[in-house]
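In what follows, a structure is listed as structure tokens, so that the remarks can point back to it.
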Amino acid sequence: MKLGVLNIIPRSFRRGGVWVCVTIFIRALLNFMGLAALLPVLYLILDSQSIESNSLLAGVYNYFGFTSDVSFVASVAGAVVGFIAIKCGINLLLYRYERDYIYSLYRYLSRNLYIDYFNRGLSFIKASNSAVLSRNVNVVCYTFVSGVLRPMAVLLSEAMLFILLFASIALYSPLAALLTVAIFIPAVWLYFALIRNRVNRYGDIENDAHRRKFRDTVETYRGYADIEINNAFSSMLRQFDDNTDTMVSVGAKNATISTLPQLFTEIGLAAGMALMVVLCVGLDSGSMKILFGVFAVAALRLMPSVRAIMGAWTSLRYNRYTIDIIASADISSPAQTERVDSEQIDFKDCIEVENLGFKFSDSQTPLFTDLSFTIRKGEKIGINGRSGAGKTTLFNLLLGFYPATEGRIVIDGQVLTAENRRRWQNSIGYVSQSVFLTDSTILANIALGSKAEDIDMERVQRAVAAASLSEFVASLPNGLNTRIGECGALLSGGQRQRIGIARALYKGAQVLFFDEATSALDSQTEQSINQAIVELAKANQALTIVVIAHRESSLEYCDRVITLK
């Protein structure tokens, strides 16, 4: 697990990680010094004659010229309080550095996992569950830093403090050190033996249940109409309840486990003190008090350390599943950067499809083979065929989403490759059957990807007019600044399609791809959208349009129709 965590931490964060280890050591040392600072007070409380009998206290008393035991005790107590206050302040500053490091790492991991999933392309996205990917990006990364990295820091800090305290006890009193080992080692061993395998299993179960619950919730709201009409909500609710019950059950067990360290250490401490009393019988009163007092103070400080170590270890085991999820992604590649390339391929002549073939990685049978045709600039090309013939897959190839398994696509003499795909995609527009719309305004959806201050309003108005949206926008109280709801829920199907067309036109696309953009619309709306496309073509003779449609009537305005068989 340690090696896995180290592999996840990117190189740019590793130097900072070294400094975090340094701050952890300093904090452990300061905590040890804070405990050591209490010893003079302990001596003064347990042995009233220690000012004369203890050479260190007597030396301080004489060096500073004290004449009163009361003033000396008050000064020592004040100095101890002041030192501990300074120690706590330094500890807080060091902890803030550790905290900032951990949460900056969370920001890096979450952002780069988000980018990595997107960069894996359409095949990966389609094969995955979007709710699960979303949870990994937003929840798993946070759980990793809060449930793995922070406990590791606690484990390291408290282990260092434990070693320092134990070494000091051993130097002062081997008997007290031996007793400390006799108290805590059996308690820790018994705790780990009882819960080690259970914690591993509980973490995996909780993750699976949380993932299923997240998925079911998203699918319920996204599919409200179908779920309601088919009276399927009770079934979805049963799944929701089952997963919730699993999470509650596992959470309750983990909560119980989290209380065990305190129980084990407190029982061990009580037994140790009882044993210390027995062992101290026969010693003189002063020595017994000092030995018992030193052991009690050290044990009381060791107990939280041992408890913290046990709790941190439990958290590490419970959340270890996050390591595998993050480690499976490429989060440190130089490619994981924000893409700002806006350069286009200046489409002047034609798109040539040469002997194109495609087969999905999980299929033995090619979807199509040896497909060849040419699309010339300014043409309106229709593509139809039976369901499953590969129309949408052909579109995804033309859009650069899939690499061809045989043949090639050539644009003005340039073969479409992963290297020039971004330039090609900057040159084209895409309107699907279900246009992607964000839960924002009409303006933001038309100028998708643009910063608010960079939007060219004149170009927006031209795109709105060309997409036959002007009348609709003018009827809205807030015009282009009207919010449209999740997935455009507050719009009609035709309005959503027109926003998709306006988006492509605002972008300045040289080629428009329509993937069954009107198949879900009624005949009248379909006719109006087709008429808008015809008018677009008339207004811009250089605009190339490629359309997929089932109904031949939707392709009547096309210059040519390519049929996939």
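The values are calculated or read from the model by the stated rules, or taken from the named source; none is laboratory data. Computed from a predicted model, the values in this text were never measured in an experiment. Because the Cβ atoms are built from the backbone with ideal geometry, glycine has one as well, and the counts that use them run over all protein chains shown. Ligands, DNA and RNA are excluded from the accessible area calculation, which covers all protein heavy atoms including side chains. Shrake-Rupley method; radii C 1.70, N 1.55, O 1.52, S 1.80 Å.
Check every one of the helices (runs of 4 or more DSSP H) wholly within the stretch 470-541 and list those with 3 or more residues that are modelled with pLDDT of 80 or more.
The helices (runs of 4 or more DSSP H) meeting that bar are 470-474, 493-507.
Check 194, 190, 178, 156 and return the single one that is open to solvent by 20 Å² or more (accessible area, probe 1.4 Å), at pLDDT 80 or above, of a type outside the set (Lys, Arg) and assigned to a helix (DSSP H, G or I). Walk me through it before giving the result.
Numbers: 194 fails: at pLDDT 80 or above; 190 fails: at pLDDT 80 or above; 178 fails: at pLDDT 80 or above.
From the options 194, 190, 178, 156, the qualifying one is 156.
Test of understanding: among 317, 238, which residue is out of contact with any Phe, Trp or Tyr (no Cβ under 7 Å at 6 or more places or on another chain), modelled with pLDDT of 65 or more, of a type in the set (Lys, Arg) and within 24 Å of residue 199 (Cα to Cα)? Quick ask: steps written out before the conclusion?
On the way: 238 fails: within 24 Å of residue 199 (Cα to Cα).
Step by step, each of 317, 238 is checked, and only 317 is out of contact with any Phe, Trp or Tyr (no Cβ under 7 Å at 6 or more places or on another chain), modelled with pLDDT of 65 or more, of a type in the set (Lys, Arg) and within 24 Å of residue 199 (Cα to Cα).
Yes or no: the stretch 411-428 includes at least one residue that is within 30 Å of residue 565 (Cβ to Cβ), exposed (fewer than 15 other Cβ atoms within 10 Å of the Cβ) and touching a strand residue (DSSP E or B) at 6+ places or on another chain (Cβ under 6 Å).
Checked against the condition, which is being within 30 Å of residue 565 (Cβ to Cβ), exposed (fewer than 15 other Cβ atoms within 10 Å of the Cβ) and touching a strand residue (DSSP E or B) at 6+ places or on another chain (Cβ under 6 Å), the stretch 411-428 yields at least one hit.
Taking residue 427 as meeting all but one of (1) closer than 29 Å to residue 550 by Cβ; (2) under 32 Å from the mean Cα position of the chain (by Cα), write down the number of the exception.
Failing condition for residue 427: (2).
So, of the residues in the stretch 457-469 that are touching a Ser or Thr at 6+ places or on another chain (Cβ under 9 Å) and either open to solvent by less than 40 Å² (accessible area, probe 1.4 Å) or free of Cβ contacts under 8 Å to residues at least 40 places away in the same chain (or both), which turns out to be nearest to residue 529 (Cα to Cα)?
The residue in question is 464.
With within 23 Å of residue 402 (Cα to Cα), part of a helix (DSSP H, G or I) and either in contact with a Cys (Cβ under 8 Å, 6 or more places away or on another chain) or without any contact (Cβ under 8 Å) to a residue 24 or more places away in the chain (or both) as the only criterion, which of 163, 125, 115 stands out?
125
Testing residue 545 on (1) modelled with pLDDT of 85 or more; (2) assigned to a helix (DSSP H, G or I); (3) hydrophobic (A, V, I, L, M, F, W, C), one condition comes back false. Which one is that?
In the conditions (1) modelled with pLDDT of 85 or more; (2) assigned to a helix (DSSP H, G or I); (3) hydrophobic (A, V, I, L, M, F, W, C), residue 545 misses (2) alone.
In the stretch 383-399, which residues are among the small types (Gly, Ala, Ser) and either on the phi < 0 side of the Ramachandran plot or at pLDDT 90 or above (or both)?
Listed by number, the residues that qualify are 387, 389.
Condition check: open to solvent by 80 Å² or more (accessible area, probe 1.4 Å) and either in contact (Cβ under 8 Å) with a residue 40 or more places away in the chain or assigned to a helix (DSSP H, G or I) (or both). Does residue 242 satisfy that? Talk me through it step by step, then tell me what you get.
Values: open to solvent by 80 Å² or more (accessible area, probe 1.4 Å): yes; either in contact (Cβ under 8 Å) with a residue 40 or more places away in the chain or assigned to a helix (DSSP H, G or I) (or both): yes.
So residue 242 passes the test.
Six or more apart or on different chains, Cβ atoms under 6 Å: show the pairs whose first residue is in the stretch 340-365 and of a type in the set (A, V, I, L, M) and whose second is part of a loop (DSSP other than H, G, I, E, B).
345/427; 356/404
Please work out which residue is farthest from residue 324 (Cα to Cα), limiting yourself to the stretch 121-142 and to residues that are open to solvent by 30 Å² or more (accessible area, probe 1.4 Å) and among the polar types (S, T, N, Q).
Taking the candidates together, the pick is 123.
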